[in-house]
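Notes follow the structure.
Quick note: the coordinates plus some simple rules give every number you see, no bench work behind them. Just so you know, these numbers come straight off a predicted model, no measurement behind them. Don't worry about glycine lacking a Cβ; one is built from the backbone with ideal geometry, like all the others, and counts go over all protein chains shown.
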Amino acid sequence: MNDAAPAPTPAPAPRRARVRAPELIGKGGWLNTGGEELTLADLRGKIVLLDFWTFCCVNCLHVLDELRDLEEKHRDTLVIVGVHSPKFVHEAEHQAVVDAVERYEVHHPVLDDPELATWKQYAVRAWPTLVVIDPEGYVVAQHAGEGHANAIRTLVEELEAEHESKGTLRRGDGPYVAPEPVATDLRFPGKAVMLAGGNFLVSDTTRHQLVELAEDGETVVRRIGEGVFREPQGLALLPDGKVVVADTVNHALRTYDPETGAIELVAGTGKQWWQGSPTSGPALDVDLSSPWDVAWWQGKVWIAMAGVHQLWTYDPESGTVEVAAGTTNEGLVDGPAAEAWFAQPSGLAATEDRLWIADSETSAVRWIDTDGVVHTAVGTGLFDFGHRDGAAEQALLQHPLGVTALPDGSVAVSDTYNHALRRYDPATGEVTTLATDLREPSDAVLVGGDIVVVESARHRLTRLRLPEEAVQVESAAYRTQREATDIAPGRLRLDVVFQAPTGQKLDERYGPSTRLLVSSTPPELLAGGEGTGTDLFRELELNPDVTEGVLHVSAMAASCDDDPANEYPACHVHQQDWGVPVKVTETGATRLPLILAGMDG
């Protein structure tokens with residue numbers, strides 16, 4: 001007989017408190033709802049996926065494409081709500097959001113939140129961020145960055161089963177109402193090039209075609225490539241008379257022969273490039289990522305690879321591609337090509353001694369020389385922008401998408417979000433404004449003494465006489481409106497929160513499956529802790545002499561299906577870059593958590 005007292009029953013593990021989803025508010029109102037205002041109460045019984053995005057962000061555009069299959073498959077249980085949260089001043093304009101929703105074929109309700117009210121309520125820190133809300137109105141997951149579609153698909157299926165059994169799932173049509181289509185010859189054209197005979201070839205981006213226009217820039221001669229292209233952008237003439245096309249959403253390059261009409265795939269697999277994938281090799285075997293523009297320079301096709309913040313080249317003679325400049329880190333860093341940082345390079349223009357680059361997210365004009373060194377002509381970084389002429393070191397642009405080399409050695413800049421055509425002259429170091437009252441100009445073609453501008457949001461080409469004198473414009477300077485995070489001086493613990501999705505585990509078969517890179521603007525902000533490592537945490541040391549700046553954090557994690565019986569499990573890459581404005585104060589935080597993927601349930 002044992003007289004010992006029975007062991008106490010272990011207490012159940014405490015369940016984290018469920019968080020009620022904050023209401024959806026935004027002064028811009030709702031799009032794609034037929035004029036109806038939505039509340040979370042209206043969506044009760046549905047699984048809701050909030051997609052915090054802004055239309056300048058190529059990673060946000062990738063996520064829109066990632067979610068299309070999920071949206072279609074679960075249309076009767078899942079409601080995706082885009083929460084448009086602007087970075088640039090132009091993106092806070094309601095009509096610009098309306099245009100972007102059509103341009104990128106967003107087929108779900110969108111809340112226009114120009115003041116980031118809902119962004120702040122959900123404590124979002126990065127574009128894009130996805131938040132899942134269950135049918136009872138509670139937040140159950142948050143993911144930052146790309147590559148989470150599979151995890152969300154699994155979670156949606158689990159929530160469907162759980163709430164079907166509880167009787168809290170409501171099936172049926174969602175609140176999406178398609179807008180009325182508008183008839184125009186072009187719809188959000190991207191880039192243009194002049195053909196040998198004097199006609200124009202235009203990438204008709206939203207209609208997924210190329211369009212040949214007569215010399216007047218208006219009369220449609222033919223439409224090209226229906227069913228072949230997906231949101232094509234950049235065009236460049238090759239020495240053999242063919243045109244190379246940046247087939248952006250197909251992550252590919254194709255050639256088009258104006259003489260025969262033949263279209264040929266020459267680079268890309270159709271899959272998006274991810275960290276760890278090959279960066280050189282046979283062109284048809286290497287993944288690309290949102291090629292946005294192309295130019296013929298130094299015997300190769302140079303590619304503005306916006307999706308990974310790099311420049312690549314394609315060599316038609318050898319049939320190969322390779323990285324030419326950039327590290328994949330997003331920012332503005334000059335120097336040798338292999339060490340330079342870009343931020344969504346989106347426009348290219350070649351001259352004999354340099355390749356001009358419109359580096360859109362840094363609102364910069366940059367160039368690479370024949371020795372492979374990257375320089376910045378105009379622009380200071382990710383968060384400063386505006387419309388200011390004068391000396392290049394203090395001039396400001398706003399998300400330029402195009403550059404055009406001019407005969408005198410200067411460059412015309414399609415200053416997209418300023419609705420202007422600007423000019424930078426290396427001889428004087430001055431920036432001037434050539435024309436205003438354009439609508440999202442994205443490219444321009446020189447035609448004799450005229451310049452033909454692609455007015456993307458007016459769906460047309462516009463011919464201008466190159467002015468001899470600059471237009472006088474009132475200066476404006478802006479900084480991205482995100483609030484700074486207060487941090488304490490001294491040591492700061494940085495934690496990137498990542499939890500492998502249900503049914504997956506970190507992939508450690510070939511070494512560490514995570515990567516963390518940390519830097520700052522200005523570089524002097526960090527006295528220690530910068531650089532690359534494999535842990536998703538870092539002890540940072542702040543410089544006591546610097547009171548504000550931006551922490552740049554890039555994180556990646558690879559997870560694979562956790563099935564021991566499967567010799568070749570499916571693997572998934574999750575990655576995100578953050579630019580976190582910080583202010584050093586005595587009462588600030590000593591820990592900075594950033595969610596790559598986490599569960600709140």
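Some notes on this structure:
- Antiparallel DSSP beta bridges within the chain, as percent of all bridges there, nearest 5: 85
- Phi-based couplings in Hz for the stretch 117-133 (Karplus 6.51, -1.76, 1.60; Gly and Pro marked x): 5, 6, 3, 5, 4, 9, 6, 6, 10, 8, 9, x, 9, 10, 10, 9, 10
- Here the stretch 484-601 is assigned +1 on the Cβ of each Lys and Arg and -1 on the Cβ of each Asp and Glu. Its dipole about the Cα centre then comes out at about 100 debye.
- Model label points for Glu541 and Gln481, set 7 angstrom from Cα along the Cα-to-Cβ axis, are 3.9 nm apart.
- Theoretical ellipticity at 222 nm over the chain - DSSP helices of four or more residues, -39500 (n - 2.57) apiece, nearest 500: -2500 deg cm²/dmol
- Average Cα contact separation per residue, the stretch 498-552, under 8 Å, 6 or more apart, as relative contact order %: 33
- For the chain: relative contact order, % (alpha-carbon pairs under 8 angstrom, 6 or more apart): 10
- Computed from point charges on the beta carbon alone (+1 for Lys and Arg, -1 for Asp and Glu), the dipole magnitude for the stretch 186-325 about its Cα centre is near 340 Debye.
- Mean Cα-pair separation over length for the stretch 313-461, i.e. relative contact order, pairs under 8 Å, 6 or more apart, %: 14
- Lysine pair number, Cα distance threshold 24 Å (strictly under), the chain, separation 8 or more or different chains: 17
- Packing here is the average count of other Cβ atoms within 10 Å per residue, and on that basis the peptides 405-417, 218-230, highest first, run 405-417, 218-230.
- FRET efficiency, Asp353 to Ser318 (Cβ-Cβ, R0 22 Å, nearest 0.05): 0.35
- Cβ-placed point charges (K, R +1; D, E -1), dipole of the chain about Cα centre in debye, nearest 20: 1080
- For Asp507, nonlocal amide neighbours, meaning residues 5 or more places apart or on other chains whose placed amide H falls under 5 Å from its own, are Ala558, Ser559, Cys560.
- Ellipsoid equivalent to the chain - semi-axes via the Cα gyration tensor, in Å: 42, 28, 25
- Lys/Arg +1, Asp/Glu -1 at C-beta; the chain dipole; positive extreme among Gln298, Ser85, Ala527: Ser85
- Extension gain, Thr168 to Leu446, is 94.0 nm, computed as 0.36 nm per intervening residue step minus the present C-alpha separation.
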